[in-house]
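See structure below.
The values are calculated or read from the model by the stated rules, or taken from the named source; none is laboratory data. For clarity, every value in this text was computed on a predicted model and none was experimentally measured. Backbone-built Cβ (ideal geometry, glycine too); neighbour counts: all protein chains shown. Side chains included, ligands, DNA and RNA excluded: accessible areas come from the protein's heavy atoms. Shrake-Rupley method; radii C 1.70, N 1.55, O 1.52, S 1.80 Å.
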Amino acid sequence: MIAHIAWRNVWRNKLRSLVVISAIALGLWGGIFSYAFMQGMGEQQVYSGIHTETGHIQLNEPKFLQNYDLQRHIEQSERVEEQIRQLPGVKGVCDRIELTAMTSTAYASRGIMLNGIDPQIYNGVSDLHEYLTEGNFFEVDNGGVNPIVIGQALAEKLHTDLSSRLVVTLQDYRGEISYASFKLVGIYRLHNTEFNEQMAFVRKQDLQKILRLPKGYVSTVSVLLDDTKQTKVIQGQIAKLFPNLQVQSWDELSPMLRMMSGTMTQMSLIFVFIILLALAFGIINTMLMAVMDRTREIGMLLSVGMNQKKIFTMIVLETLFLSLTGALAGLLMSIATVNYLGTSGVNLTAIAEGINALGYSERVYPQLDPGFAPQFAVMVIMIALLSSLFPAMRAIHLKPAEAVRGE
Amino acid sequence: MRNTMEVIELKKLHKTYEGIVPVQAVKGVDLLFGKGEFTAIVGPSGCGKTTLLNMIGGLDAPTEGQVLIEDQDISALSPAELVDFRLWNIGFVFQSYNLIPVLTVKENIAFIMELQGRNHKEINDRVAYLLDVLGMKDKMNIRPRYLSGGQQQRVAVARALASSPKFVLADEPTANLDSQSTENLLELMETMNRTEDITFLFSTHDQRVMDKAHRIVTLEDGKVVRDGKQEKVE
Ligand SMILES: Nc1ncnc2c1ncn2[C@@H]1O[C@H](COP(=O)(O)OP(=O)(O)OP(=O)(O)O)[C@@H](O)[C@H]1O
Ligand SMILES: [Mg+2]
């Protein structure tokens with residue numbers, strides 16, 4: 001019965017209630033949408049990061065990544081790769097030779113990460129070849145020359161273009177400095193500027209020759225999985241298989257990606273919470289007005305025997321109904337918007353330059369994960385309960401004799 | 001020997017409203033009200049009628065003295081206990097703002113019994129009976145604001161009576177009503193007093209209402225100056 005009265009009380013002053021409900025709905029619409037936007041952005045970034053940069057899991061000799069020491073390679077890499085390929089949930093495995101080097105043109109020189117890969121196998125694990133803006137990803141035979149593929153950002157910094165020669169300075173297996181000349185055959189463009197500027201790709205067999213590496217030399221093994229959610233489990237399995245190797249997951253390899261996937265969503269959830277907090281003041285104000293307007297009625301209720309507990313409950317329920325109606329409207333509006341823009345995407349080309357520098361793509365597909373609704377419900381109920389306390393206290397502190405006396 | 005039929009006993013009741021100038025609204029009232037009485041409290045404006053009724057109803061605490069309801073001193077009760085005491089023992093009719101605007105006539109009449117947590121059959125039977133007495137069956141599903149002032153007060157009386165309280169307190173129940181509505185309301189109160197032996201205590205300024213009372217207590221400046229029975233007027 002109290003709930004029944006409370007619900008009808010919400011609609012007593014329709015205009016006043018609708019104003020707050022609209023405020024809540026619009027505020028949350030904005031909040032939830034930006035949450036979905038951030039999440040879509042993060043998720044996309046994580047996906048493309050994994051599929052171009054890190055793979056899901058990477059194996060190295062434990063100290064290799066400290067200074068990319070060529071001596072610290074993976075022993076019996078073929079056996080390692082074969083065993084990983086057998087694991088369920090593994091989509092592809094590839095290896096590469098990774099080392100730091102310098103590259104120079106007549107204009108400039110830059111430090112780079114040189115990746116010696118087998119293009120065919122590498123393409124099974126990485127989508128990088130899809131991001132080529134010029135040339136090819138080792139698909140065309142160049143005769144005797146050593147081909148190299150670099151990022152657009154690096155090409156610009158070096159003032160070089162397709163078919164030009166790049167001189168690369170590196171330390172060979174025995175620590176001696178050597179030089180090699182490469183022909184620029186492909187330029188890729190990734191959203192991640194840092195990657196763009198540093199990652200250069202050459203054929204493994206060329207690098208092996210230049211560096212005079214032993215046969216089967218591999219510094220890094222990358223693993224791509226069917227499902228990103230399986231990362232931790234399979235990482236554990238692999239780590240158990242190869243206790244002497246360092247086994248890292250994408251989020252450990254790229255703190256940037258970890259931030260995208262976790263922190264960003266947490267942050268936008270806090271943003272939603274702050275909007276709710278601001279709305280709380282509107283709710284408190286409205287409910288206080290509702291209580292003050294009904295001083296005599298509440299006095300009458302107290303007089304005829306409706307106890308403080310019930311009156312308190314009534315005001316709390318009124319606040320909850322009011323807030324939940326607004327929140328539900330906001331949530332439905334957000335879901336509709338996210339559903340629509342989740343398929344068509346939000347085009348950010350106008351600000352794409354800046355966005356790229358942060359490692360984001362131009363088109364964002366907002367998304368809401370199913371876990372959001374309960375989190376959101378808990379927040380709304382918390383805020384509503386909090387907002388109801390003050391008006392409800394006001395109501396039960398009314399004195400019946402004074403409240404019923406006519407002014 | 002005490003008369004066990006006494007419902008309300010007031011002992012040396014005083015009420016002073018504190019303020020910059022303290023107001024002595026009630027100054028030593030001793031009164032007894034028996035079961036089934038139909039009593040009017042009268043007197044000039046400001047003589048303390050509302051103050052007295054509020055103390056009897058446990059809405060306000062006396063500064064001095066005692067209010068005994070069937071020998072229970074209600075000034076000893078905590079505010080929470082008092083709400084409960086009112087719920088189970090006293091019916092209230094105010095001058096206005098009696099009804100809950102968001103509930104229908106029927107729901108308003110049932111309200112006190114709902115608060116008491118009575119079972120649905122009992123509530124429905126009682127409400128149906130009262131609607132019949134009111135002659136407002138056709139209006140049972142509408143909200144109070146669509147009723148005339150007189151009809152609203154009749155519903156308020158029905159609501160107060162529904163739970164069969166020990167007595168009903170009515171502070172100027174007819175003050176906002178025209179003469180016809182006043183007569184109808186008084187008739188309803190009298191009928192219920194007669195048929196259900198419900199004790200009524202009401203304040204009024206209206207001579208016609210006083211004429212219907214069986215006993216008239218006159219207050220002046222916070223004191224009882226006259227207390228007389230009168231024959232029922234036919
Ligand atoms: N809350 C209060 N604070 C201070 N003084 C009050 C308060 N309530 C009533 N009074 C004073 O107490 C006195 C008695 O008031 P009360 O309302 O009981 O009179 P009444 O007989 O009901 O008058 P009326 O016929 O106008 O309703 C008056 O002088 C009034 O001004
Ligand atoms: Mg009065």
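Which residue is nearest to ligand 2 (Cβ to nearest atom), if the candidates are limited to the stretch B:176-205 and must be open to solvent by less than 10 Å² (accessible area, probe 1.4 Å) and within 20 Å of B:PRO44 (Cα to Cα)?
B:SER203
Report yes if some residue within the stretch B:49-71 is away from ligand 1 (no atom under 16 Å from the Cβ), surrounded by fewer than 23 Cβ atoms within 10 Å (Cβ to Cβ) and among the acidic types (Asp, Glu); otherwise report no.
Checking the stretch B:49-71: at least one residue is away from ligand 1 (no atom under 16 Å from the Cβ), surrounded by fewer than 23 Cβ atoms within 10 Å (Cβ to Cβ) and among the acidic types (Asp, Glu).
Just checking, does the stretch A:40-63 include any residue being open to solvent by 60 Å² or more (accessible area, probe 1.4 Å) and within 30 Å of A:VAL346 (Cβ to Cβ)?
Within the stretch A:40-63, one or more residues are open to solvent by 60 Å² or more (accessible area, probe 1.4 Å) and within 30 Å of A:VAL346 (Cβ to Cβ).
Any idea which residue in the stretch B:90-100 is farthest from the other protein chains (Cβ to nearest Cβ), counting only those that are in contact with an Asp or Glu (Cβ under 9 Å, 6 or more places away or on another chain) and more than 15 Å from A:ILE5 (Cβ to Cβ)?
Ranking the candidates gives B:VAL93 first.
For the stretch A:247-271, how many residues are surrounded by 22 or more Cβ atoms within 10 Å (Cβ to Cβ) and aliphatic (A, V, I, L, M)?
Number satisfying all stated conditions: 3.
Please state which one of B:LEU115, B:LEU87, B:LEU103 is facing another protein chain (nearest Cβ under 8 Å), away from ligand 2 (no atom under 16 Å from the Cβ), assigned to a loop (DSSP other than H, G, I, E, B) and out of contact with any Asp or Glu (no Cβ under 9 Å at 6 or more places or on another chain).
That would be B:LEU103, the only listed residue that is facing another protein chain (nearest Cβ under 8 Å), away from ligand 2 (no atom under 16 Å from the Cβ), assigned to a loop (DSSP other than H, G, I, E, B) and out of contact with any Asp or Glu (no Cβ under 9 Å at 6 or more places or on another chain).
Would you check if there is a residue in the stretch B:149-157 being outside any loop (DSSP other than H, G, I, E, B), buried (at least 17 other Cβ atoms within 10 Å of the Cβ) and in contact with a strand residue (DSSP E or B) (Cβ under 6 Å, 6 or more places away or on another chain)?
Yes, the conditions are met somewhere in the stretch B:149-157.
Please enumerate the residues belonging to the stretch B:125-147 that are under 22 Å from A:ALA6 (Cα atoms) and assigned to a helix (DSSP H, G or I). Even if it seems obvious, please write down each step before you answer.
Filtering the stretch B:125-147 down to residues under 22 Å from A:ALA6 (Cα atoms) leaves B:140-146.
Listed by number, the residues that qualify are B:PRO144, B:ARG145, B:TYR146.
Could you tell me which of the residues A:ILE21, A:ILE5, A:ILE50 is assigned to a helix (DSSP H, G or I) and in contact with a His (Cβ under 7 Å, 6 or more places away or on another chain)?
It is A:ILE50.
Taking the condition free of Cβ contacts under 8 Å to residues at least 12 places away in the same chain and either within 12 Å of ligand 1 (Cβ to nearest atom) or within 13 Å of chain A (Cβ to nearest Cβ) (or both), does B:VAL26 pass?
no
If you take the residues of the stretch A:1-29 that are touching a residue at least 40 places away in the same chain (Cβ under 8 Å) and of a type in the set (Phe, Trp, Tyr), which of them is surrounded by the fewest Cβ atoms within 10 Å (Cβ to Cβ)?
Per the stated criteria, the residue is A:TRP7.
Looking at the stretch B:59-84, which of the residues that are under 25 Å from B:ALA213 (Cα atoms) and either among the aliphatic types (A, V, I, L, M) or out of contact with any Asp or Glu (no Cβ under 9 Å at 6 or more places or on another chain) (or both) is nearest to the other protein chains (Cβ to nearest Cβ)?
My answer is B:LEU59.
Only one of these is within 12 Å of ligand 1 (Cβ to nearest atom), modelled with pLDDT under 95 and more than 11 Å from every other protein chain (Cβ to nearest Cβ): B:ILE20, B:ILE41. Name it.
B:ILE20
Is it the case that A:GLU130 is open to solvent by 50 Å² or more (accessible area, probe 1.4 Å), out of contact with any strand residue (DSSP E or B) (no Cβ under 8 Å at 6 or more places or on another chain) and part of a loop (DSSP other than H, G, I, E, B)?
In short, no.
Does B:LYS137 satisfy being in contact with a Leu (Cβ under 7 Å, 6 or more places away or on another chain), over 22 Å from B:GLU172 (Cα atoms) and more than 12 Å from chain A (Cβ to nearest Cβ)?
It is true that B:LYS137 is in contact with a Leu (Cβ under 7 Å, 6 or more places away or on another chain), over 22 Å from B:GLU172 (Cα atoms) and more than 12 Å from chain A (Cβ to nearest Cβ).
Across the stretch A:247-288, what is the total count of residues that are out of contact with any helix residue (DSSP H, G or I) (no Cβ under 9 Å at 6 or more places or on another chain) and not polar (S, T, N, Q)?
Number satisfying all stated conditions: 2.
Any residue at all in the stretch A:187-199 that is assigned by TED's automatic domain parsing to the domain that holds A:GLN86 and within 16 Å of A:TYR68 (Cβ to Cβ)?
Yes, that holds for at least one residue.
Let's see how each residue does on (1) part of a helix (DSSP H, G or I); (2) open to solvent by 60 Å² or more (accessible area, probe 1.4 Å); (3) hydroxyl-bearing (Ser, Thr, Tyr):
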| position | (1), (2), (3) |
| --- | --- |
| A:LEU65 | yes, no, no |
| A:ILE97 | no, no, no |
| A:GLY116 | no, no, no |
| A:TYR122 | yes, no, yes |
| A:PHE137 | no, no, no |
| A:ASN142 | no, no, no |
| A:ILE148 | no, no, no |
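With (1) more than 23 Å from A:GLN120 (Cα to Cα); (2) touching a residue at least 40 places away in the same chain (Cβ under 8 Å); (3) among the aromatic types (Phe, Trp, Tyr) as the list, and A:PHE195 as the residue in question, which single condition is left unmet?
(1)
Go through (1) open to solvent by less than 10 Å² (accessible area, probe 1.4 Å); (2) within 16 Å of ligand 2 (Cβ to nearest atom) for A:PHE376 and report which single condition fails.
Here A:PHE376 clears every test but (2).
Please go through the stretch B:191-204 and pick out each residue that is away from chain A (no Cβ under 14 Å) and either in a helix (DSSP H, G or I) or within 16 Å of ligand 1 (Cβ to nearest atom) (or both).
Once the filter is applied, which keeps residues that are away from chain A (no Cβ under 14 Å) and either in a helix (DSSP H, G or I) or within 16 Å of ligand 1 (Cβ to nearest atom) (or both), the stretch B:191-204 yields B:THR191, B:MET192, B:ASN193, B:ARG194, B:THR195, B:GLU196, B:LEU201, B:PHE202, B:THR204.
If I go through the stretch B:29-78 residue by residue, how many of them are without any contact (Cβ under 8 Å) to a residue 60 or more places away in the chain, closer than 12 Å to B:LYS11 by Cβ and within 16 Å of ligand 2 (Cβ to nearest atom)?
Of the residues in that region, 1 qualify.
Taking the stretch B:206-222, which residues are open to solvent by 60 Å² or more (accessible area, probe 1.4 Å) and away from ligand 2 (no atom under 16 Å from the Cβ)? Spell out the reasoning first.
At the first step, the residues of the stretch B:206-222 found to be open to solvent by 60 Å² or more (accessible area, probe 1.4 Å) are B:207-208, B:211-212, B:220-221.
Of everything in the stretch B:206-222, those that are open to solvent by 60 Å² or more (accessible area, probe 1.4 Å) and away from ligand 2 (no atom under 16 Å from the Cβ) turn out to be B:GLN207, B:ARG208, B:ASP211, B:LYS212.
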